[in-house]
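Engineer: Starting off with a structure, shown below.
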Amino acid sequence: MTTHVPEATLTRREREVFAEVIQGWTNAEIGTRLFLTETTVKTHVSAILRKLALPNRVHAVVYAYENGIARPSLSPSENTFMIV
């Protein structure tokens, strides 16, 4: 059985990448936005999924909603998610 580890255990950079992942950006787009190589983004995403015991990015979005990390944007001019 996998033990759940809260998102508080993520590093600052992992939290930044996590915020981008749950907004639906690709690894390449996240790399451009955060000035990281795509390989570095992949490493962070893997660490995030491992630490949060999540199988994939889709589950990361669900996790963010269920844990109050993200919520739907009320403004059509904003991205789909608001990070809280």
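Engineer: For segment 3-24, how many residues meet the condition of being outside any loop (DSSP other than H, G, I, E, B) and in contact (Cβ under 8 Å) with a residue 24 or more places away in the chain?
Structural biologist: Kept after step one, since they are outside any loop (DSSP other than H, G, I, E, B), are these residues of segment 3-24: 7-9, 12-21.
Cutting the leftovers down to in contact (Cβ under 8 Å) with a residue 24 or more places away in the chain gives us 7, 9, 13-14, 17-19, 21.
Residues that pass the stated criteria total 8.
Engineer: State all residues of segment 1-60 that are closer than 23 Å to residue 73 by Cβ and among the basic types (Lys, Arg); if no residue qualifies, say none.
Structural biologist: Matches in segment 1-60: 15, 33, 57.
Engineer: Which numbered condition in (1) at pLDDT 95 or above; (2) touching an Asp or Glu at 6+ places or on another chain (Cβ under 9 Å) is the only one that residue 67 fails?
Structural biologist: (1)
Engineer: Of a type outside the set (A, V, I, L, M), surrounded by 16 or more Cβ atoms within 10 Å (Cβ to Cβ) and at pLDDT 95 or above: which single residue out of 40, 26 fits that description? If you could, list the steps in order and put the result at the bottom.
Structural biologist: Details: 26 fails: surrounded by 16 or more Cβ atoms within 10 Å (Cβ to Cβ).
Checking each option against the conditions leaves just 40.
Engineer: If you don't mind, there's one more thing I want to ask. Identify, please: which residue in segment 31-43 is aliphatic (A, V, I, L, M) and assigned to a helix (DSSP H, G or I) and is, among those, farthest from residue 7 (Cα to Cα)? If you could, list the steps in order and put the result at the bottom.
Structural biologist: Here is the first cut: in segment 31-43, the ones aliphatic (A, V, I, L, M) are 34, 36, 41.
Narrowing the set further to residues that are assigned to a helix (DSSP H, G or I) leaves 34, 41.
Details: 34: 20, 41: 17 Å.
The qualifying residue farthest from residue 7 (Cα to Cα) is 34.
Engineer: Spot the failing condition for residue 50; the list is (1) over 16 Å from residue 69 (Cα atoms); (2) in contact with a Lys or Arg (Cβ under 9 Å, 6 or more places away or on another chain), and only one is missed.
Structural biologist: (2)
Engineer: If you don't mind, there's one more thing I want to ask. Here's a check for you: in segment 70-84, which residue that is assigned to a loop (DSSP other than H, G, I, E, B) and surrounded by 10 or more Cβ atoms within 10 Å (Cβ to Cβ) is modelled with the highest pLDDT?
Structural biologist: Initially, segment 70-84 is screened for residues assigned to a loop (DSSP other than H, G, I, E, B), giving 73-80, 84.
If we keep only those that are surrounded by 10 or more Cβ atoms within 10 Å (Cβ to Cβ) too, we end up with 73, 78-80.
Working: 73: 71, 78: 56, 79: 53, 80: 54.
Top of the filtered list is 73.
Engineer: Cβ-Cβ distance below 6 Å, separation of 6 or more or different chains: which pairs start in segment 25-45 with a residue that is of a type in the set (S, T, N, Q) and end on one that is surrounded by 19 or more Cβ atoms within 10 Å (Cβ to Cβ) and in a helix (DSSP H, G or I)?
Structural biologist: Pairs that qualify, where the first residue is of a type in the set (S, T, N, Q) and the partner is surrounded by 19 or more Cβ atoms within 10 Å (Cβ to Cβ) and in a helix (DSSP H, G or I), are 27/41; 37/31.
Engineer: Do you know which residues across segment 44-61 are part of a helix (DSSP H, G or I) and surrounded by 13 or more Cβ atoms within 10 Å (Cβ to Cβ)?
Structural biologist: Scanning segment 44-61 gives 44, 45, 47, 48, 49, 51, 57, 59, 60, 61.
The values are calculated or read from the model by the stated rules, or taken from the named source; none is laboratory data. A quick note: this is a predicted structure, and the numbers were derived from the prediction, not measured. No Cβ is skipped: glycine too gets one built from the backbone with ideal geometry, and neighbour counts run over all protein chains shown.
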